[in-house]
Structures are given as C-alpha cells and as structure tokens.
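Accompanying notes for the structure given below.
The values are calculated or read from the model by the stated rules, or taken from the named source; none is laboratory data. A quick note: this is a predicted structure, and the numbers were derived from the prediction, not measured. Backbone-built Cβ (ideal geometry, glycine too); neighbour counts: all protein chains shown.
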Amino acid sequence: MVGEAVAHSLTPALTMILARHLFCLAWVWCVLYGTLPKISGGAQHAAPLQAPPLFGFAQSLFDEGEYYRAIGEFQRFLFFYPGHPLISEAQLRIGMAFFCGERWLQAFEVFRHVAQSTPGTSIGQAAALWMAETRARGGDHARAIHLYADVINRYPGTAASERAAYLIGWSYVRQRQWDEARRALAAIAEESPYHSSAQRLAAALDPPPPFPQRSPTLARVFAMALPGAGQLYAGNPLDGMIGLGVHGALTAGTTGAVLAGLEVAAALGAFFAWGFYRAQLADAAASARAFNSQAEEHFLAQLATQERIFLSAQPLSIHCAPVSHSPG
C-alpha cells in the first residue's frame, strides 16, 4: 500500500519532468530548423525549401551594406546548418560580401572554394566568373583575362561564358590595349546578349580617340630651364606658380646671403635650392604622366557610363551597396 501511494504521488512529478524535456526538445528543433516537423494523416510530408531566419537576417545585412556583419551571420548559418541546401549559396554570398567590402584576396579564396566544390552548377559558374572579376577589380587584369578564358572553356554556351567573353574585352580596355580590346569585342557572337554593347565599344576603339598628351621628357626640360614651367606645361598651373615662387625665393635668399658674406646661410640656401630644383624636375615629369592618365581615365569613364547596364548585369543579381565600415 505504501509503494502504491508513493508511486501515485510521483506520477504527476514524472509527468511534469517528461513534459519539460519534450518542450526543450521541441524548442531546440525550432532553433535548428526554423519550424516543428509537420505530420499529417500519420505520415510526414517534406516541406518546400525555405531559407531559415538566420540566412534571411544575414542577407538583410548584406542588402544594407553591412558586409562584415553579414559575413559573420552567414558563417553562423554554415555552423548551425551544415547540411542545408543553401550552404553553397551562403558561401558564395560570403565571397560577395568580401568583394563588396573590397577585400579582394579573401573574396578570391572564397570564390575559388565554391567553384571547386560546386562544379557544373549555376553557383559554381557564378563563383568562377567572380574569381576573374575579383582579379580585375584588384587591378590584375592579365590574370583576370586568363580566368575569364577558363570560364569560357569550362562552361561553353552558358550565360557565364558569354559574360566572360565580354569582360575580357573590358580587361583589355582597362589595360589600354586598344587593338586587343577591339578584336576581343568584335569577336562576340551575335546571339550574345552583350553583342550590341560590344559592337559599340569596338567602334569607339576603331581607332581609339587621339588623347591629348604631354611629354614627360619635355616637361623635365621646361622645369630644368625654369622651375615651375614644367608643371605649367603639364596643365598644373597652381603647382607651377608655387614652384616658380618658392624657387625664386630660395634663389634670392641664397644670393643675398652670399652678398652679405653669410657663408653658412648661403650654403644652407644653396642646399635647399638645389634639392627643390631636382624635386621640380621629377614633379614635372609626374605631372605630365598624370595628365595623360587623366585623359584616358575620362575616356574609360565615358565608356563605362554608356555601357553601365551591361557592366552591372552580374550573375544571381547581386549588387554592392555603399560600404558600411565596421569599427576596427
């Protein structure tokens, strides 16, 4: 009788403990999978693929330009959902977050991992294309051309290969290799969605416009004859006037010290005047090169503005928002 009473008194306690355990298990399931399993008619049915809330939160950070926070949330997603079908896309978006944050090396390594782990898929193609684009944005256009060609060879006839062929032409343009750029763009097939843009670019480069030029050698000669004149020739009048004034003041001061018999002051004046004179020679040549580069950059900017729709047609419709720099 005593045993039965004890058992009867323990039954509610055991029931409560069991209920608490079941509740905890259900809560853990919700955290890991976003929802409880749905069972209907005695059989479990597979629910359609949905992105877990954590993935959506990471994507919202990406869309807002919070790239470094987005990377952390996507990495949390990879940790908590190691077998989820969106794993490859999350990895790709980590690479895009590095890309949009201008971390070219990290972005390239992530894209390479995704391209190698998902060959033959749309995500793998996008990753291979973004590998090349990362090199191009980092300034290594020669390597970018090689990677674009690899995309064309691995994925012939795909949207990725069509875009790669178009961007090869742009890489040549950005290297100022006008003839190679014109040939690459003119070779793009008529059925390519980039054909019209490629034809306009090829026409703009046939021949390339006569850019205004300033000779660095001639700029040095002018600066040698009269400090400041080289900068005036190179289209930098403010620096030219400053150079002319400073050199004149140093020369006058040195001459005055010599006439006054101040040997130490004269020596110091001559030293600084000579150093400034040599600096003017180098600065004049640099100003001429900068003038030439600015003319070409202006031309490239005009082309990029004209063809911005085609340049921004990236795979998976991923676009970079303004960068939000996190503290530290």
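Does Ala223 meet the test of being in contact (Cβ under 8 Å) with a residue 60 or more places away in the chain, in a helix (DSSP H, G or I), surrounded by 14 or more Cβ atoms within 10 Å (Cβ to Cβ) and within 36 Å of the chain's Cα centre (by Cα)? First the steps, then the outcome.
Values: in contact (Cβ under 8 Å) with a residue 60 or more places away in the chain: yes; in a helix (DSSP H, G or I): yes; surrounded by 14 or more Cβ atoms within 10 Å (Cβ to Cβ): yes; within 36 Å of the chain's Cα centre (by Cα): no.
No; evaluated as a whole, the condition is false for this residue.
Against the numbered list (1) touching a residue at least 24 places away in the same chain (Cβ under 8 Å); (2) touching a helix residue (DSSP H, G or I) at 6+ places or on another chain (Cβ under 6 Å); (3) part of a helix (DSSP H, G or I); (4) closer than 20 Å to Arg289 by Cβ, Tyr172 comes up short only at (4).
Scanning the stretch 237-263 for residues that are more than 17 Å from Gly275 (Cβ to Cβ), of a type in the set (A, V, I, L, M) and in a helix (DSSP H, G or I) gives Leu238, Met241, Val258, Leu259. The residue list Ala273, Ala301 contains one member that is part of a helix (DSSP H, G or I) and over 30 Å from Val173 (Cβ atoms), which is Ala273.
Which ranges mark the helices (runs of 4 or more DSSP H) fully within the stretch 62-132 that have 2 or more residues being under 26 Å from Gly157 (Cα atoms)? Show your work before the answer.
Working: elements: 67-80, 87-100, 104-117.
Output list reads 87-100, 104-117.
Okay, residues lined up against (1) modelled with pLDDT under 95; (2) closer than 30 Å to Phe276 by Cα; (3) out of contact with any strand residue (DSSP E or B) (no Cβ under 8 Å at 6 or more places or on another chain):
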position	(1), (2), (3)
Gly138	yes, no, yes
Ala149	no, no, yes
Ser161	yes, no, yes
Gln175	yes, no, yes
Glu190	yes, no, yes
Leu205	yes, no, yes
Leu218	yes, yes, yes
Ala225	yes, yes, yes
Gly235	yes, yes, yes
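Annotation for the stretch 208-216: no member residue is assigned to a helix (DSSP H, G or I) and free of Cβ contacts under 8 Å to residues at least 24 places away in the same chain.
Regarding Ala149, is this residue surrounded by fewer than 17 Cβ atoms within 10 Å (Cβ to Cβ), part of a helix (DSSP H, G or I) and over 19 Å from the mean Cα position of the chain (by Cα)? Yes.
Does at least one position in the stretch 248-263 carry a residue that is in contact with an Asp or Glu (Cβ under 9 Å, 6 or more places away or on another chain), surrounded by 21 or more Cβ atoms within 10 Å (Cβ to Cβ) and of a type in the set (A, V, I, L, M, F, W, C)?
There is no residue in the stretch 248-263 that is in contact with an Asp or Glu (Cβ under 9 Å, 6 or more places away or on another chain), surrounded by 21 or more Cβ atoms within 10 Å (Cβ to Cβ) and of a type in the set (A, V, I, L, M, F, W, C).
Please work out if Ala142 is crowded, with 17+ Cβ neighbours inside 10 Å and part of a helix (DSSP H, G or I). It is false that Ala142 is crowded, with 17+ Cβ neighbours inside 10 Å and part of a helix (DSSP H, G or I). If you go through the stretch 71-103 and keep only what is buried (at least 17 other Cβ atoms within 10 Å of the Cβ) and within 16 Å of the chain's Cα centre (by Cα), you end up with Ile71, Leu92, Arg93, Ile94, Gly95, Met96, Ala97, Phe98, Phe99, Cys100, Gly101, Arg103.
Just the residues that are of a type in the set (Gly, Ala, Ser), over 22 Å from Phe74 (Cα atoms) and under 18 Å from the mean Cα position of the chain (by Cα), please, taken from the stretch 104-145.
The answer is Ala132, Ala136, Gly138, Gly139, Ala142, Ala144.
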